[in-house]
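Just so you know, all these numbers are worked out from the coordinates, no wet-lab data involved. Not measured: the values here are computed from a predicted model. Glycine gets a Cβ as well: all are built from the backbone with ideal geometry, and neighbour counts include every protein chain shown.
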Amino acid sequence: MAANKKLNPVDVLSEIEAKFEMLQVLNEKGEIVNKDMDPKLSDEELVELMTRMVWTRVLDERSTALNRQGRLGFYAPTAGQEASQIASHYALSEGDYVLPGYRDVPQLIWHGLPLTKAFLFSRGHYKGNQFPEGVNALSPQIIIGAQYVQNAGVALGIKKRGKENVAITYTGDGGTSQGDFYEGINFAGAYNAPAIFVIQNNNYAISTPRELQSKAATLAQKAVSAGIPGVVVDGMDPLAVYKVTKDARDRAVAGEGPTLIETMCYRYGPHTMAGDDPTRYRTSDEDSDWEKKDPIVRFRTYLEGKKLWSKEKEEEVIEQAKADVKAALKEADATEKQTVTGLMDLMYDVKPSNLKEQYEYYKGKESK
């Protein structure tokens, strides 16, 4: 009898990595290159998706400017990630739950969060975390990767209640280096929870290049360790992102468990507006190469070819977005200011002795 062939772990790894090829439907020229993956959205759906992406780009431009003017607080730019964010959200249903990271405010807004609330969240106002009834979402998570564990729990709750919905969460490539990432996907897999985990691989965890974070050829292949499906998709391609997210949702509501999705994308701006300077760790050539893959540009070309989009239509969306931002900012400015004593009143029913002294001190300052 022939001796059993020795299993080479290097070969096994190579076989696994080879299965994680990046999926694409719409190339950089706005051409369909994979008809089998085309989600075949209706004309109305295509226009709506483009509208949301353009509106979100304007929101990012205005939010960046407002931050520089001191009129917003914490802000993480989103330009370049519209396909990854908006197309994945577009594949969801209203009853699904969204657990965002701090860069994922656009998904919250399209899930029903008033823009005024988003501005108040940026300013650190407690009302920014008071979501209207029916908005199935948690506040943006600041702790890197913590939303992955929360997503697994929310998804399990959905399953136990017999709901045909999913819980979706997002993190960046840096988030996959956190223990919460592994714990979240493992828990969801073990309990076959209806969860979708999105890795928005924008190449840098603040300033740390992707290749220095993990030896894995892809981040999606980490799904193998949890026994769940993983997929890599062109995160600048709205049709491909929509398709893989819709497939993941269909699997989840059918009782087939969670999916890990890695979207290959790029953020044009800094990690956040809090002092990060991307020119210190990224080259102008790299920026230029990614700008050629812009999700809005390629989707615009595709829709114009189908006679569904025009310069006039885009200008209407831009002006509407500017008007929406102006109105929401006015409402946020009119909201009563948050005070230190007000925050203490919300936090404590019975104040500890050390805070009682501080309370009286701030009360005196606020009364002047």
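Helical content of the chain, expressed as a calculated mean residue ellipticity at 222 nm, amounts to -14000 deg cm²/dmol (DSSP H runs of 4 or more residues, -39,500 (n - 2.57) each, divided by residue number, nearest 500). Between 0 and 90 degrees, rounded to the nearest ten: what's the tilt of helix 146-160 against the longest Cα principal axis of the chain? Rounded to the nearest ten degrees, it is 80. I need the fraction of alpha carbon pairs in the chain separated by more than 25 Å, rounded to a whole percent. Percent of Cα pairs beyond 25 Å in the chain: 57.
Taking a 23 Å limit on the Cα-Cα distance, which of the listed pairs Lys35/Lys307; Lys293/Lys326; Lys246/Lys307 fall beyond it? Mind dumping the intermediate values first?
Working: Lys35/Lys307 19 Å; Lys293/Lys326 30 Å; Lys246/Lys307 26 Å.
Pairs exceeding 23 Å: Lys293/Lys326; Lys246/Lys307.
Using only Cα atoms, tell me the angle between helix 43-68 and the longest principal axis of the chain; keep it within 0 to 90° and round to the nearest 10. Helix 43-68 and the main axis of the chain meet at about 50 degrees. The slack between Glu336 and Lys365, meaning 0.36 nm per residue of separation minus the straight C-alpha distance, is 8.8 nm. Straight-line cross-link partners of Lys330 among the lysines, defined as a Cα under 18 Å from its Cα and at least 8 positions apart when in the same chain: Lys117, Lys127, Lys322.
Reducing the stretch 1-75 and the stretch 208-225 to their Cα centroids gives an inter-centroid distance of 16 Å.
The simple Förster model, with R0 at 30 Å and r as the Cβ-Cβ distance, assigns Lys307 and Thr272 a FRET efficiency of 0.15.
Within the same chain, lysines fewer than 8 places from Lys363 are excluded, and of the rest, those with a Cα less than 17 Å from its Cα are Lys337, Lys351.
Which percent, nearest 5, of DSSP beta bridges in the chain are antiparallel? Present the calculation step by step, with values, prior to reporting the outcome.
Values: 3 of 27 bridges.
Counting DSSP beta bridges with both partners in the chain, the antiparallel share is about 10 percent.
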